[in-house]
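Structure first, then comments.
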Amino acid sequence: MMRITQRAVAQNSLAGLNTNLAAYNRLNERLTSGKTISKPSDSPTGTNTSMLTRQGIAGNDQYGRNITDGTTFLDATDTALQDMLSQLRRVRDLTVQALNGGAQSASSQQAIATEVSGIRESMLGQANQVVQGRPLFGGVTGGSKAYDSTGAYVGVGGANGVAVQPLERRISDVETIRVDLTGPEAFGDPAGGKDLFSVVKSVASHVDDTTALSDDLKDLDGVLDGLLAAAADVGTRASRLETAASVNSSQALNLTSRLSATEDVDLPKTIMEMQMQQVGYQAALQATAQVMQPTLLDFLR
Amino acid sequence: MTGTFSGLNTARTALWAQQRAMDVTGQNIANMNTDGYSRQRVDMQSLGGTAVPALYATSNNVGEGVSADKVTRIRDAFLEGRAQLEHASTASMTVADDTLSQIEQAFREPGDTGIQAQLSGMWAAWGDVHNNSTDPGARSEVLQRTETLVAGIRTTRANLDDQWDADYEGLGTLVDDVNATASSIAELNQAIRRATQANLPTNELADKRDSLVLKLSDQIGATSSPAEDGAITVSVGGATLVQGDTTLKLVVQGSNDPDDVATDPPRVVTSPGNTAIRAGGTAEGRLTAMTVTVPKYRNAVDSLARDLATQLNAAHATGYDLDGNAGGNILDDGAGDPSKITAKNLTLAVSDGRKLAAATLSPTAAGGSPSADNTNADAIYQLSLTSTGTDATYRKMIVSLGVEASTATNRLTTQSAIGGQVDASRESVSGVNLDKEMSNLLQYQHAYAAAGQLVSSINDMLDTLINMVR
């Protein structure tokens with residue numbers, strides 16, 4: 001049988017009380033910090049999940065920003081295309097008017113020519129529209145314009161022997177979406193002289209020449225179709241981005257709740273444990289107080 | 001034939017022995033809370049007549065009382081030996097646990113201030129450049145974030161270096177202390193030997209010496225074995241530290257630069273002799289920390305820095321900056337040489353945001369002038385997603401650190417329990433139990449009273465004898 005001494009009782013009690021208090025302290029630490037994992041050794045697997053999730057959250061935030069940014073770009077492109085479409089329709093109306101007006105006076109022909117030229121200037125302005133410091137239809141140009149004042153394409157990509165270099169936005173770990181549209185893609189290849197600005201220019205110069213003008217009308221319809229197709233393309237992409245945005249925000253929720261499930265304390269459980277620990281600690285204190293007091297000394301008289 | 005007064009003599013030895021027993025009880029009670037004190041006991045022995053009968057020297061006496069010359073300390077040599085071993089293990093594992101938890105602190109994971117968060121920040125900045133490759137704001141954000149990351153990696157490495165230095169200094173102090181303790185033990189050895197030869201009590205000196213040996217066990221894993229005349233021999237990992245009244249001096253050898261661990265590791269050697277000893281206890285813990293644990297994570301941070309630089313520089317080199325030049329190194333060692341990068345000299349080599357190569361399209365392919373292409377920025381961002389990328393490697397390292405640290409903590413918990421049990425067993429043998437001392441006290445008191453009664457009875461008897469003659 002083990003011989004027990006007063007000192008051993010005192011030491012054992014102290015060790016027991018220490019263990020109790022340490023457990024109490026650990027729970028208290030968790031409750032006050034709100035985290036179950038404060039260092040990797042608290043839970044190596046939890047740490048792995050936590051770090052993965054944190055990285056996921058950072059990535060997802062970035063994709064969210066990318067999507068917003070891409071949406072701005074596409075919306076601006078869409079607006080510009082819609083504006084230009086309606087202006088182009090006006091040009092077509094004027095062209096038809098000029099074609100039909102065999103009896104029109106030279107001055108009214110001149111008026112049509114002037115208006116068409118004006119519209120062309122306005123459309124050039126639209127085509128050079130700048131978003132975030134970059135021309136919308138300029139491809140990857142480092143300059144600030146997609147078309148120069150004569151209507152020649154000065155952007156990079158889609159013309160002059162340079163392939164289209166798409167401007168993309170990353171919307172998830174594995175997916176990117178193109179957010180730009182180069183001038184040649186929207187308004188026709190300038191190389192053949194059949195792009196929007198050349199055609200409109202030739203309309204303005206042919207108001208008195210119905211033969212040439214009817215050829216121009218055909219070209220104009222071609223350009224109009226191209227523009228419509230471009231607008232549809234941009235619309236599709238915008239709706240893809242919209243879907244991506246809603247996926248992104250639900251993903252953000254998922255990740256945040258996963259991180260919380262990994263790292264945050266389960267309050268009811270922890271408080272319950274804390275209560276139990278408290279009861280245990282008090283019992284230990286009580287027992288120690290009872291055991292350590294008496295010796296034979298109390299009973300010798 | 002018994003002498004007339006021999007009864008008085010018997011009573012006198014009894015009185016003396018009981019009094020001495022009470023003195024020892026008093027000593028026990030006085031030292032019940034003294035560290036390292038072993039309870040003592042008076043070995044009472046009855047005194048008999050002549051042991052060897054001879055023709056004219058026979059005796060049919062009853063005994064001649066009691067002797068209480070010898071006072072012994074009660075301890076279990078086996079348990080003391082166990083305690084020395086367990087104390088050494090506990091001390092070593094405590095240092096191992098402390099080391100790993102300090103390393104954990106150096107990495108500050110998982111959280112918003114660790115290297116992972118800084119990496120994510122840098123990748124996000126590249127994502128912003130991808131969004132708008134000509135925006136100077138986004139570009140300078142990349143530079144700022146990269147600078148923050150570089151600072152974070154350097155800080156972590158500096159923390160690990162500091163930890164190593166503290167261990168080195170700690171080991172030096174510890175060895176000095178070991179030498180001082182060893183000298184004290186040698187002095188005690190000499191004192192005890194002289195006292196033993198002069199037949200004087202040595203219990204208190206021996207207790208003091210045993211405490212010092214246990215301290216050495218904690219510090220450097222010493223064990224002791226008994227030698228002649230009450231002396232002890234103290235040895236550490238095969239080397240004899242104290243023999244009789246001579247000691248062997250220990251010194252720390254090895255470079256105090258953590259970079260030299262492979263070629264000139266810190267070690268404890270004898271002086272003279274320069275023989276490396278296999279230290280245990282705290283010294284072992286510190287040596288392991290300096291030669292294995294800390295260098296492992298130091299190297300991990302170094303290779304993290306190198307890998308990050310290699311991957312970033314390689315991806316960056318395939319792109320073109322805003323002025324149409326091919327991308328140079330983003331990170332280097334501060335002297336333009338990326339191959340010599342460590343976590344300590346990692347430096348951001350780009351200071352102008354325009355020099356960040358976000359474009360994949362070369363100026364030639366773009367028709368002669370630099371383009372605003374953003375593809376390379378995305379390629380760099382994608383470095384964060386690969387399974388061989390810095391983020392994944394770093395995460396793996398942190399998880400394995402967590403596993404190692406929690407294993408160390410569990411081992412320490414188990415070892416502490418074992419050590420505690422051995423200490424409890426020692427206390428059980430050598431500790432003072434008040435109840436026992438109290439009952440002994442009563443016992444001796446009663447025996448003393450009875451011996452007094454004996455004197456008074458003999459007195460009466462002699463009275464009767466002398467009055468007969470009148």
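The values are calculated or read from the model by the stated rules, or taken from the named source; none is laboratory data. The structure displayed is predicted, hence computed values, not measured ones. Ideal geometry is used to build each Cβ from the backbone, glycine not excepted, and the neighbour counts take in all protein chains shown. These accessible areas exclude ligands, DNA and RNA; they are computed on the full protein's heavy atoms, side chains included. Shrake-Rupley method; radii C 1.70, N 1.55, O 1.52, S 1.80 Å.
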A careful count of residues in the range B:380-425 that are crowded, with 17+ Cβ neighbours inside 10 Å and not in a helix (DSSP H, G or I) gives 3
Q: For B:Ser224, state whether it is closer than 21 Å to B:Glu284 by Cα and assigned to a strand (DSSP E or B).
A: yes
Scanning the range B:92-148 residue by residue, those charged (D, E, K, R), touching a residue at least 60 places away in the same chain (Cβ under 8 Å) and buried (at least 20 other Cβ atoms within 10 Å of the Cβ) turn out to be B:Asp97, B:Glu104, B:Glu109, B:Arg139
How many residues of the range B:414-446 are closer than 17 Å to A:Val9 by Cα and β-branched (Val, Ile, Thr)? The answer is 3
Taking first residues from the range A:282-299 that are within 15 Å of A:Asn20 (Cα to Cα) and second residues anywhere that are of a type outside the set (Asp, Glu), the pairs with Cβ under 6 Å that are 6 or more apart or on different chains are A:Ala284/A:Gly16; A:Ala284/A:Leu17; A:Ala284/A:Asn20; A:Thr288/A:Ser13
With the first residue restricted to the range A:163-177 and required to be in contact (Cβ under 8 Å) with a residue 40 or more places away in the chain and facing another protein chain (nearest Cβ under 7 Å), and the second required to be acidic (Asp, Glu) and outside any loop (DSSP other than H, G, I, E, B), Cβ contacts under 8 Å at 6 or more apart or on different chains are A:Arg169/A:Asp69; A:Arg170/B:Asp378
Over the range B:366-379, the set of residues open to solvent by less than 40 Å² (accessible area, probe 1.4 Å), assigned to a helix (DSSP H, G or I) and within 8 Å of chain A (Cβ to nearest Cβ) is B:Asp378
Checked against (1) more than 29 Å from A:Leu52 (Cα to Cα); (2) free of Cβ contacts under 8 Å to residues at least 24 places away in the same chain, B:Ser351 satisfies every condition except (2)
A:Gly56: within 11 Å of another protein chain (Cβ to nearest Cβ) and touching a residue at least 12 places away in the same chain (Cβ under 8 Å), yes or no?
yes
The condition of being over 30 Å from A:Pro166 (Cβ atoms) and more than 9 Å from chain B (Cβ to nearest Cβ) holds, among A:Thr77, A:Thr36, A:Thr45, A:Thr71, only for A:Thr36
Kindly establish whether A:Asp208 is part of a helix (DSSP H, G or I) and over 30 Å from A:Ala58 (Cβ atoms).
no
The condition from (1) facing another protein chain (nearest Cβ under 10 Å); (2) at pLDDT below 90 that B:Arg470 misses is numbered (1)
Note on the range B:246-279: residues out of contact with any strand residue (DSSP E or B) (no Cβ under 7 Å at 6 or more places or on another chain), open to solvent by less than 50 Å² (accessible area, probe 1.4 Å) and in a loop (DSSP other than H, G, I, E, B) are B:Ser255, B:Val261, B:Pro265
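Looking for whichever is modelled with pLDDT of 85 or more and either under 30 Å from A:Ala106 (Cα atoms) or touching an Asp or Glu at 6+ places or on another chain (Cβ under 9 Å) (or both) here; the options are A:Ala230, A:Ala127. Which one fits? Full working, then the answer.
Values: A:Ala127 fails: either under 30 Å from A:Ala106 (Cα atoms) or touching an Asp or Glu at 6+ places or on another chain (Cβ under 9 Å) (or both).
From the options A:Ala230, A:Ala127, the qualifying one is A:Ala230.
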Scanning the range A:177-214 for residues that are open to solvent by less than 40 Å² (accessible area, probe 1.4 Å) and among the β-branched types (Val, Ile, Thr), the one nearest to A:Ser144 (Cα to Cα) turns out to be A:Thr182
Just one listed residue, out of B:Asp165, B:Asp218, B:Asp161, is out of contact with any Asp or Glu (no Cβ under 9 Å at 6 or more places or on another chain), open to solvent by less than 40 Å² (accessible area, probe 1.4 Å) and either of a type in the set (Asp, Glu) or without any contact (Cβ under 8 Å) to a residue 12 or more places away in the chain (or both), and it is B:Asp161
The residue that is least open to solvent (accessible area, probe 1.4 Å), considering only those in the range B:434-451 that are without any contact (Cβ under 8 Å) to a residue 24 or more places away in the chain and within 10 Å of chain A (Cβ to nearest Cβ), is B:Met438
Apart from one, (1) farther than 30 Å from B:Ser120 by Cα; (2) facing chain A (nearest Cβ under 10 Å); (3) in contact with an Asp or Glu (Cβ under 7 Å, 6 or more places away or on another chain); (4) modelled with pLDDT under 95 all hold for B:Pro363; the odd one out is (3)
Just a yes or no: is a residue in the range A:62-69 touching a His at 6+ places or on another chain (Cβ under 8 Å) and not hydrophobic (A, V, I, L, M, F, W, C)? yes
Filtering the range B:298-326 down to residues that are aromatic (Phe, Trp, Tyr) and surrounded by fewer than 23 Cβ atoms within 10 Å (Cβ to Cβ) yields none
The correct count of residues that are of a type in the set (Asp, Glu), part of a helix (DSSP H, G or I) and within 11 Å of chain A (Cβ to nearest Cβ) in the range B:77-122 is 2
- Going by the structure shown, is A:Thr19 open to solvent by less than 20 Å² (accessible area, probe 1.4 Å) and at pLDDT below 90? no
